[in-house]
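The values are calculated or read from the model by the stated rules, or taken from the named source; none is laboratory data. Bear in mind the structure is a predicted one, so any value in this text is a computation, not a measurement. We place every Cβ from the backbone using ideal geometry, glycine too, and count neighbours over all the protein chains shown.
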Amino acid sequence: MSDLNREYDVIVWGATGFTGRLVAEYLAESYGVGQGLKWAIAGRSADKLASLAAVISPSQELPQYLADVNEPDSIHQLAQKTQVICTTVGPYALYGSIMVEACVKYGTHCCDLTGETPWMRKMIDQHQIEAERSGATIVHTCGFDSIPSDMGVFFLQQRISEMYAVQASEVKYRVVSSAGGVSGGTVASVMHMMDEAKTDASIFKTMQDPYALNPVNQPRGLDGNDQMGAVYDTDFAQWTGPFIMAGINTRVVRRSNALLNYAYGREFRYSEAMLTGTGARGYIKALLLVLFTGLTGFLAALGPTRALMKKVLPVPGEGPSEQARKQGHFNIQLLGKHPSDALKNIRVSVTGDQDPGYGSTSKMLAEAAVCLAVDNLTAGGGFLTPASAMGDQLLRRLQQKAGVEFKVI
């Protein structure tokens, strides 16, 4: 729990955007307004904030604040009002740096939804020492990327330790199924990274580094590049194809291991892929996934086709209907390998009750923010991961409130 003497526990910045609105709606429904949790909303449009507040809290006034990256003083003032800034304002490489800087300066905790690995690396390099000094806990990737991955491995390692007094030497994360729309914010973030990479070769280098987010001058593990081809996984007895979010999630899990003092082992291995089925049909689906992933990346890397993709793909502020969000889901299995006895391998599932990109993501982010604000956390300041910052407390919240279930199969 933060010992900051602030007016609010949580302020949701970007509350009038599509995902930010879902976060605010969730907090109003789950915690009420003007009750135990002290929270507020912020954005750059007074009219939109007032309209949102009138809908989600018609009987109780929901505090509202203006904060715009083009007015740095408003960002700094906002960061001083609250224990936690919960931000959905992306692409973060464009709009997130000033908020991180303000939170670090004033010792304010911050959580977000970024999956922008180069930007995360940049923020760590620029502000880690100051964040440790001020006590600000900065936790990126608090949505579908990368909570199911990071907390799934954390949960699995706890269970195998309880059962056999060891840590899994390798964990495989395999997507069984998921249903939901593509996030306009995610699309914008990817496109911005591609735009930046045209003039900065280090962007691609960082994106391709399996240990891009690990602390500097720390030993690297055994993992190489993420899977890009069709591979038959004997442990799952299915064909697999590349998982587009592996490039983010795997780096976060590896950083967690390092920040947890290599609790999973210095030679711990971790990978992610999508299960596509058995036999010829599974192989063909895996090949199609390879083709789709490769083609999408190729087209996004080319200026003319990237511009066209920006016109046809969802933009920030767009998202699926409430019915579509609630009909969505995700189902993931993780296999943890016992270091010496394959008969003691364990398998766990991580499931979500709404679409991963919006419904489940908004609930996971909201609970991460509340966890940072009110739970008894001891990790201290710095750029942490969901598992290394919040651990058991976040695991409990996700299962009790956010509709995310972790269980041994």
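Of all the numbered requirements in (1) surrounded by fewer than 22 Cβ atoms within 10 Å (Cβ to Cβ); (2) in contact (Cβ under 8 Å) with a residue 12 or more places away in the chain, Ser146 misses one, and that requirement is (1).
May I ask you to list the residues in the range 237-274 that are part of a loop (DSSP other than H, G, I, E, B) and basic (Lys, Arg)? Working first, answer last.
Kept after step one, since they are part of a loop (DSSP other than H, G, I, E, B), are these residues of the range 237-274: 237, 242-245, 260-268.
Matches in the range 237-274: Arg266 only.
Only one entry of Leu308, Leu295, Leu287, Leu299 meets the criterion of being at pLDDT 95 or above and in a helix (DSSP H, G or I), and that entry is Leu287.
Among the residues making up the range 69-105, those that are touching a residue at least 60 places away in the same chain (Cβ under 8 Å) and either part of a helix (DSSP H, G or I) or among the hydroxyl-bearing types (Ser, Thr, Tyr) (or both) are Leu78, Thr82, Thr87, Thr88, Tyr92, Ala93, Leu94, Met99. Out of the range 382-402, which residues are in a helix (DSSP H, G or I) and either surrounded by 24 or more Cβ atoms within 10 Å (Cβ to Cβ) or touching a His at 6+ places or on another chain (Cβ under 9 Å) (or both)? Hits for the range 382-402 are Pro386, Ala387, Ala389, Met390, Leu394, Leu398. Taking the range 259-297 as the range and being in contact with a helix residue (DSSP H, G or I) (Cβ under 7 Å, 6 or more places away or on another chain), surrounded by fewer than 18 Cβ atoms within 10 Å (Cβ to Cβ) and within 30 Å of Gly381 (Cα to Cα) as the test, the residues that pass are Leu260, Ala263. Count of the range 227-279 residues, restricted to those that are under 16 Å from Gly115 (Cβ atoms) and not basic (Lys, Arg), is 13.
Taking the listed residues Ala373, Ala368, Ala379, the one that is in contact with a His (Cβ under 9 Å, 6 or more places away or on another chain) and closer than 20 Å to Ile85 by Cβ is Ala373, with no other qualifying.
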